[in-house]
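Input: one structure, supplied below.
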Amino acid sequence: MAKDKVSIVGLGYVGLPLALLTAKKGYEVSGIDLNTDKVDRINKHQDPLNDEYVQKNIKDSSLIAFSHFGSLKESKIVIVCVPTPVKHDYQPDLSPLKGAVEAIAKALTPGTLVIIESTINPGVCEEVVIPLIEKTSGLKLNKDFHVSHCPERINPGDTKWSVENIPRVAGSSNQVGLDRTVKFYESIIDAPIRAMGTIKEAEAVKVVENSFRDVNIAFVNELAMSFTKLGIDVKNVIEGASTKPFAFMPHFPSVGVGGHCIPVDPYYLIEYARGYGFNHEFLALARSINNRMPEFTVDQLVAGLSETGTGLKGARVVVLGLSYKANVADDRESPSYNVIKILEERGAKVDSYDPHILHKSTSKTLDEALAGKDAVILATNHQEFLNIKPSDLKIKVFVDGKNVFSKKDFAKTGIVYRGIGR
C-alpha cells in the first residue's frame, strides 16, 4: 500500500529532523518554511541549523523544501512544527501557529490529518486550531479532516536520544484520527507511542514534563543561593544526595534556564489556568527563581572582584557561551544575553565568544576573547571551554556558571573562583 504524502510546516530544530526522518522511512515529504535562505540550503542538501542529526541525514535525503504552501494539496498528513514563544509579558504568542494553520486551511483537501507538534497549552487545538481550520477551509472536523496533537520531544546535542527513538504521546479529535496518528508515528519512530484519552491531555503532557524540570531546577537554584551564604558546596551536596537509589532525581544549578521549552512552557499553563480562575503559585515562583539566576551570577562576579580590591564598573569581562546548552548552536532564551545586559547596565566592558555562534560573538577566537580581560563568566559548558587550563589564564576572577571546573585547580593559580552555590 502506498504511503501517504506528508508535509511538515516549520523546518527548525523540531521540524527539519522530523522531516528527514520521515523521508528516511520511505514517505514522500515536502517541508515548508518561510525562510527562503533555509529552504535553498536544504534543497542543496546543506545543514542550515548546525545540528548533528541534520548533518548526518540531509546529504542523501529525498526531502524537498518549499517557501510556499502549494505542496499541501497533495499531502494527506500535515505536521505543524512552528515556534510558540511567549511575549515580553510572558503571555503565550500563538501568532506563528495561527499563521501556519490559516495557510494550511486554505490549501486543505478532504481526508487530511493535521498534526500539531508545536508546544501549546491545553485547549489550543479545540479553541484555536480547529475553529480556524473550519472557518478558513469550510470543511468539517472528523468528517472532512482530523486534528491531532503529538507534542515534540527533541534534545539537541544528545547522542543517545534523538527524534528516532524518543517515546511520544498523541491525542486526537476522535478515534479515527488517533488511530491514524499512532500508526504514522509507529512507522517512523523506534519507540512506544502512547495514545492519550483526549487531545487536551496530549497538550498537557508537554507542559507538565517541562514544568517538572523547571520546578526542580528552581529548587536547586534556590539551594545554590542559600548555600552560597552558608558556605556549603551545593554541587557536592546534590551528588551526595544522588547516591540514594530511590526517590531522588539530581538536578544542578547554573547561570540560568534556556532553550525553547523549559523557560517557556510553564507560562502556557500558568496563563491558561488563570483564565479559568486558578493561580499556579508554585509554577510562577519557580519561573521567578530561575529568572533571577543571571543576576545572581553577576553578583558572584562582583563578590569575586571585591576580593581582589576592584569593582565591576569598568571591568573587562568576557562571557563564554551564547547558546543555552553545551555543543549546540541554539541560543533561544539563552540566559547569556541577560547576563550581558546586566553587566553592561552595571558599567562593565563586555565581550562574548561562542564557537558555535560566531556571528553573534564580539570575539572570533578563544584567545582573542580571553586577552586583556579582568574576569570570565562561563555561561555555556561547550567542549571547547572545558579544555581551558586555569594555569594559563591571566585574569582576576573566574565565574563558573555551569560548575564544571575544579575549585582546587583555581586555588593554585591565585585566581578567585566563584561557582553557582560553591
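None of the figures in this text is laboratory data; all of them are computed from the coordinates on show. Just so we're clear, the structure is a prediction, and the values are computed from it rather than from any experiment. Positions of Cβ are generated from backbone atoms using ideal geometry, with glycine treated the same way; all protein chains shown enter the neighbour counts.
Is the C-alpha gyration tensor of the stretch 166-235 telling us rounded, prolate or oblate? Criteria: a/c under 1.5 is rounded; beyond that, a/b larger than b/c is prolate, otherwise oblate. Walk me through the intermediate numbers first.
On the way: a/c = 7.94, a/b = 3.02, b/c = 2.62.
In terms of gyration-tensor shape, prolate.
Let me ask another. In the Gaussian network model of the chain, springs joining C-alpha atoms below 10 Å, which of Val215, Val29, Val128 carries the largest mean-square fluctuation?
Of the options given, Val128 has the highest mean-square fluctuation.
Return the long-range amide H neighbours of Val169 (sequence gap of 5 or more, or a different chain), with a cut-off of under 5 Å between placed amide H atoms.
Amide H neighbours of Val169, under 5 Å, 5+ apart: Arg194.
Now, a different point. Could you please state, rounded to a whole Å, how far the C-alpha centre of the stretch 86-127 is from the C-alpha centre of the stretch 325-343?
27
Let me know the charge dipole size of the stretch 6-197 about its Cα centre in debye, to the nearest 20, where only the beta-carbon of Lys, Arg (+1) and Asp, Glu (-1) is charged. Spell out each step's value before the answer.
Working: 21 positive and 23 negative charges, 73 e Å.
The dipole of the stretch 6-197 has a size of about 360 debye.
Tell me the angle of helix 281-291 to the major Cα principal axis of the chain, expressed in degrees between 0 and 90 and rounded to the nearest ten.
50
Starting from the amide H of Ile116, placed 1.01 Å from N in the peptide plane, find each other amide H under 5 Å away whose residue is 5 or more places distant or on another chain.
When sequence neighbours closer than 5 places are left aside, the close amide H contacts are Val80, Ser148, His149, Cys150.
Starting from the amide H of Ala348, placed 1.01 Å from N in the peptide plane, find each other amide H under 5 Å away whose residue is 5 or more places distant or on another chain.
For Ala348, the qualifying residues are Gly314.
Given springs between every Cα pair under 10 Å in a Gaussian network model of the chain, which of Pro263, Pro245, Pro294 has the largest fluctuation?
Top of the fluctuation ranking is Pro245.
Provide the FRET efficiency to the nearest 0.05 for the Glu307-Thr362 pair, computing r from the beta carbons and using R0 = 30 Å.
On the way: r = 27 Å, r/R0 = 0.89.
That pair, Glu307 with Thr362, gives E of 0.65.
Of all the Cα-Cα pairs you can form in the stretch 57-163, what percent are over 24 Å apart?
Working: 1745 of 5671 pairs.
Value for the stretch 57-163: 31 percent of Cα pairs lie more than 24 Å apart.
Cross-link list Lys38/Lys349; Lys59/Lys206; Lys206/Lys229; Lys160/Lys408; Lys229/Lys394; Lys143/Lys183: which exceed 26 angstrom alpha carbon to alpha carbon? Don't jump to the answer; show the numbers that get you there.
Details: Lys38/Lys349 35 Å; Lys59/Lys206 31 Å; Lys206/Lys229 36 Å; Lys160/Lys408 32 Å; Lys229/Lys394 28 Å; Lys143/Lys183 19 Å.
Those over the limit are Lys38/Lys349; Lys59/Lys206; Lys206/Lys229; Lys160/Lys408; Lys229/Lys394.
By a straight-distance test (C-alpha under 20 Å), which aspartates and glutamates pair with Lys140 as possible cross-link partners, with residues fewer than eight away in the same chain excluded?
Correct list for Lys140: Glu74, Glu102, Glu126, Glu127, Asp179.
Among the trypsin sites (Lys or Arg not before Pro) in the stretch 30-98, which ones are in a DSSP loop with at most 12 other Cβ atoms within 10 Å of the Cβ? Mind listing them? Please report the intermediate quantities before stating the final value.
Numbers: sites: Lys38, Arg41, Lys44, Lys56, Lys59, Lys73, Lys76, Lys87, Lys98; in loops: Lys44, Lys59, Lys76, Lys87.
Hits after loop and neighbour filter: Lys44, Lys59, Lys87.
Now a separate question. Report, in degrees rounded to the nearest 10, the 0 to 90 angle that the Cα long axis of helix 265-274 makes with the longest principal axis of the chain.
Helix 265-274 sits roughly 70 degrees off the main axis of the chain.
Would you kindly derive the ³J(HN,Hα) couplings of the stretch 346-361 from the backbone phi angles with the Karplus curve 6.51 cos²θ - 1.76 cosθ + 1.60 (θ = phi - 60°), listing them in order in whole Hz, with x for Gly and Pro?
Per-residue couplings from phi come out as 8, x, 7, 9, 10, 10, 9, 8, 9, x, 8, 9, 5, 5, 10, 8 Hz.
I would also like to ask the following. Which of the three applies to the stretch 6-197, rounded, prolate or oblate, going by the alpha-carbon gyration tensor with a ≥ b ≥ c and a/c under 1.5 meaning rounded? Show your work: numbers first, answer last.
Numbers: a/c = 1.37, a/b = 1.29, b/c = 1.06.
Here the stretch 6-197 falls in the rounded category.
Loop only per DSSP, at most 12 neighbouring Cβ atoms within 10 Å: give me the trypsin sites (Lys or Arg not before Pro) in the stretch 345-391, ordered by residue number.
On the way: sites: Arg346, Lys349, Lys360, Lys364, Lys373; in loops: Arg346, Lys364, Lys373.
Filter output for the stretch 345-391: Lys364.
Then there is this: Just check the stretch 231-422 against the gyration tensor rule for me: Cα atoms, a ≥ b ≥ c as the square roots of the eigenvalues, rounded for a/c under 1.5, and otherwise prolate or oblate depending on whether a/b exceeds b/c. Present the calculation step by step, with values, prior to reporting the outcome.
Values: a/c = 1.80, a/b = 1.44, b/c = 1.25.
Prolate.
OK, next. Quick check: net charge around Glu344, other residues with Cβ under 14 Å of its Cβ, Lys/Arg +1 and Asp/Glu -1?
Details: positive: Lys313, Arg316, Lys341, Arg346, Lys349; negative: Glu295, Glu345, Asp351.
Residues near Glu344 contribute +2 overall.
Please identify every one of the trypsin sites (Lys or Arg not before Pro) in the stretch 153-246 that sits in a loop by DSSP and has no more than 12 other beta carbons within 10 Å of its own beta carbon. Walk me through the numbers on the way to the answer.
On the way: sites: Arg153, Lys160, Arg168, Arg180, Lys183, Arg194, Lys200, Lys206, Arg213, Lys229, Lys235; in loops: Arg153, Lys160.
When the trypsin sites (Lys or Arg not before Pro) of the stretch 153-246 are filtered for loop state and at most 12 Cβ neighbours within 10 Å, Lys160 remain.
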